[in-house]
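The values are calculated or read from the model by the stated rules, or taken from the named source; none is laboratory data. Because the structure is predicted, anything quoted here is derived from the model rather than measured. Glycine also receives a Cβ, built like all others from the backbone with ideal geometry; neighbour counts cover every protein chain displayed.
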Ligand SMILES: [Zn+2]
């Protein structure tokens with residue numbers, strides 16, 4: 001059974017790029033008769049707000065996408081993350097890191113172009129355990145590895161050059177993104193992860209973490225980002241590109257679904273439709289790989 005998921009951070013409204021990812025994950029699961037779930041990734045501190053998450057769920061429902069299981073909020077899952085930290089510690093895969101943001105900025109080279117990542121140079125790898133007030137990092141296995149992408153095809157990555165040893169537990173007592181994602185995908189039995197190209201570069205790192213925690217490896221698909229009509233990042237304009245903002249400008253949900261469906265290779269022409277009408281036409285081989293520019297009239 002395919003189990004797909006969409007896992008937004010509740011830090012604002014869902015813009016068209018987020019909605020495109022959500023729809024692709026929904027279509028991919030539904031076109032194979034699978035289940036689809038939503039998870040709220042709200043571990044990453046003060047920018048996450050419950051009301052943003054509630055609004056995101058409403059917008060997804062307005063398009064016809066509802067979670068088949070009760071929505072999990074990662075801020076409720078501390079016990080599970082703590083247990084995973086104990087497991088990894090028992091396997092000797094964690095080490096304490098005392099680097100400050102300043103230390104890392106001084107040392108790091110230019111950000112990785114493609115993914116906007118700055119690999120951690122594994123400075124503290126051999127630091128002895130001293131106290132409990134340190135952040136914790138996961139020790140990656142060195143070397144490149146293969147993984148497959150439903151949209152991009154076979155991939156070959158060296159996670160140490162992309163992310164370096166990832167932070168799993170922060171000095172302020174918060175669990176970090178990589179840990180929460182891997183633990184919850186395992187807990188929820190997710191078999192298929194569809195997300196934006198900005199996360200492609202962390203995939204090999206997360207696969208290593210899955211292997212350490214004995215979580216089965218899901219299938220991955222990374223989608224090109226939605227850009228402004230001129231090909232530039234959406235940036236601040238993204239805020240004006242939510243479902244409600246577009247609706248107020250007279251662009252209906254069915255029109256938005258039509259545009260998204262066309263951008264995912266389901267239909268040849270943009271026409272108002274429902275997500276159910278797109279299901280039978282969805283195929284990864286037809287999904288364009290590159291970035292997608294917004295229509296001039298919407299931006
Ligand atoms: Zn360090």
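Here are the numbers for this structure:
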{"read-out": "Output for segment 230-248, where each listed residue is outside any helix (DSSP H, G or I), on the phi < 0 side of the Ramachandran plot and touching a residue at least 12 places away in the same chain (Cβ under 8 Å)", "value": "230, 234, 241, 242"}
{"read-out": "Test: residue in segment 53-61 that is in a loop (DSSP other than H, G, I, E, B), touching a strand residue (DSSP E or B) at 6+ places or on another chain (Cβ under 8 Å) and over 19 Å from residue 292 (Cβ atoms)", "value": "no"}
{"read-out": "Tally of residues being exposed (fewer than 12 other Cβ atoms within 10 Å of the Cβ) and within 20 Å of the chain's Cα centre (by Cα) across segment 275-299", "value": "1"}
{"read-out": "Candidate set from segment 168-187 (those that are surrounded by fewer than 16 Cβ atoms within 10 Å (Cβ to Cβ) and over 20 Å from residue 139 (Cα atoms)); member that is farthest from the chain's Cα centre (by Cα)", "value": "172"}
{"read-out": "Residue count for segment 65-97, restricted to those that are outside any helix (DSSP H, G or I), over 20 Å from the mean Cα position of the chain (by Cα) and surrounded by 14 or more Cβ atoms within 10 Å (Cβ to Cβ)", "value": "5"}
{"read-out": "Any hit, segment 264-274, residues being surrounded by 14 or more Cβ atoms within 10 Å (Cβ to Cβ) and not in a loop (DSSP other than H, G, I, E, B)", "value": "no"}
{"read-out": "Out of 170, 247, sole residue that is more than 26 Å from residue 70 (Cα to Cα) and in the same structural domain as residue 9 (by TED's automatic domain parsing)", "value": "247"}
{"read-out": "Pairs where the first residue, in segment 267-285, is in contact (Cβ under 8 Å) with a residue 24 or more places away in the chain and the second is in a loop (DSSP other than H, G, I, E, B), C-beta under 6 Å, 6+ apart", "value": "275/64; 278/266; 279/31; 282/31; 282/266; 284/150; 284/151"}
{"read-out": "Long-range neighbours under 9 Å by Cβ, at least six apart or interchain, first residue surrounded by fewer than 20 Cβ atoms within 10 Å (Cβ to Cβ) within segment 31-49, second assigned to a strand (DSSP E or B)", "value": "32/4; 32/192; 34/3; 34/4; 34/192; 35/3; 35/4; 48/40"}
{"read-out": "Residue 29 vs. criteria more than 16 Å from the ligand (Cβ to nearest atom) and either under 16 Å from residue 196 (Cα atoms) or in contact with a strand residue (DSSP E or B) (Cβ under 8 Å, 6 or more places away or on another chain) (or both)", "value": "yes"}
